[in-house]
Amino acid sequence: MLAIETSCDETAAAVVESGRTILSSVVSSQVDLHERFGGVVPEIAGRAHVEQIVPVVSRALAGAGFDPTGRPLPTTGREGRIGAVAATTGPGLVGALLVGVSFAKALALAWDVPFVGVNHLEGHLYASLLEEPGMALPVVVLLVSGGHSLLVVMRGPGSYEVLGETVDDAAGEAFDKVARFLDLGYPGGPAVERAAKGGDSQAVRLPRPMLAEGLDMSFSGLKTAVVQFVTRHPGVRTPDVAAAFQEAVVDVLVHKTLAAARAVGARGVCLAGGVAANGRLRERTVEACAAEGLPVFLPSRAMCTDNAAMIAAAGHVRLASDGSTSIGAGAEPSARFPVSPP
């Protein structure tokens, strides 16, 4: 399966065999284009996807040993051709999504193979499964990114239940906003993490919102608390603020994840999404799971950020369970997480 991911500011394509074996994965980042604006500019993102989609897909095909028609190159000795084309249909930026969806449909029609529309959030669940195919289910997945913060129990392929989610800002969004306020640069997550390494997380007292209130999360108030503290204490060291903020976010995420795992009797815990690349979150999750005797599955940092291999893995499951997606289906910028039927 060839998969294409263009939900935000990465143009990505990958070829994955049987939903598990990554033959190629190519990601073209737009960080340099958006850095001076302190965030993703939708129109710039869309135009960049238009410019990058052909070379990125071409590199993914060639890297997996296929020609532009989806047939194997003679030198590879392969017999099978590309059997389906998947693309992220949402959630995401509508202009960015349309580039990938339109290109994927065009290839599917030209090659006479099925088109498969994939929910971006479902794709993130499969990042760990690509690297740890033998993990025991059910697992609780903490999916944290710039636009989403979810706790999901995955009981099997295509069988999910959302246990908790943010009621306001996503964790990654809070990182971006705090980084912008502290003038740390973009993207905010890595910028805060770098600054935090030189800080004392105990030097600044910050709240842990909704810590004892079920499995939903909130990060808007924490962001506001950072702004208020710095405004009242203009001499405070920026690394101390960054470290305290990061520790507060991690405290909430780890506490909620372990509570969710206990609630459903999970056999393991997974991290997913861009924020899952945060070193402190990974460290604390491993420590907390070890204390509970729970296996923890951490995707590589390359699999945490947006990529097309995870879309191919989810697309493989969707094609097997639901069949091909209608060629008339469009982008769904506000798509919700695809929970299982009751």
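The values are calculated or read from the model by the stated rules, or taken from the named source; none is laboratory data. As the structure is a prediction and not an experimental result, all values here were calculated from the model. All Cβ positions, even for glycine, are placed from backbone atoms using ideal geometry, and neighbour counts span all protein chains on display.
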* Asked: Are any of the residues in the range 290-309 within 26 Å of residue 92 (Cβ to Cβ), modelled with pLDDT of 95 or more and part of a helix (DSSP H, G or I)?
  -> yes
* Kindly indicate which of 29, 7, 24 is hydroxyl-bearing (Ser, Thr, Tyr), under 16 Å from residue 98 (Cβ atoms) and surrounded by 15 or more Cβ atoms within 10 Å (Cβ to Cβ). => 7
* To do: Can you tell me which residue among 78, 36 is in contact with a Pro (Cβ under 6 Å, 6 or more places away or on another chain), of a type in the set (D, E, K, R) and either modelled with pLDDT under 95 or closer than 22 Å to residue 332 by Cβ (or both)?
  => 78
* Number of the exception - residue 216 against (1) of a type outside the set (Gly, Ala, Ser); (2) within 20 Å of the chain's Cα centre (by Cα); (3) farther than 22 Å from residue 39 by Cβ; (4) crowded, with 20+ Cβ neighbours inside 10 Å -> (4)
* Asked: Restricting attention to the range 15-27, does a residue exist that is under 22 Å from residue 327 (Cβ atoms), aliphatic (A, V, I, L, M) and not assigned by TED's automatic domain parsing to the domain that holds residue 145?
  -> yes
* Any idea which residue in the range 263-275 is surrounded by the fewest Cβ atoms within 10 Å (Cβ to Cβ), counting only those that are part of a helix (DSSP H, G or I) and in contact with a helix residue (DSSP H, G or I) (Cβ under 8 Å, 6 or more places away or on another chain)? -> 274
* Structure fact -> Note: among 225, 174, 196, 170, just one is in contact (Cβ under 8 Å) with a residue 12 or more places away in the chain and touching a His at 6+ places or on another chain (Cβ under 6 Å), namely 170
* **Pair list, Cβ < 7 Å and 6+ apart or interchain, from the range 293-310 residues that are farther than 15 Å from residue 9 by Cβ and without any contact (Cβ under 8 Å) to a residue 60 or more places away in the chain to residues that are among the aliphatic types (A, V, I, L, M) and outside any loop (DSSP other than H, G, I, E, B)** => 294/261; 294/269; 296/269; 296/286; 301/277
* **Residues located in the range 96-137, provided they are of a type outside the set (A, V, I, L, M, F, W, C), at pLDDT below 95 and over 20 Å from the mean Cα position of the chain (by Cα)** => 134
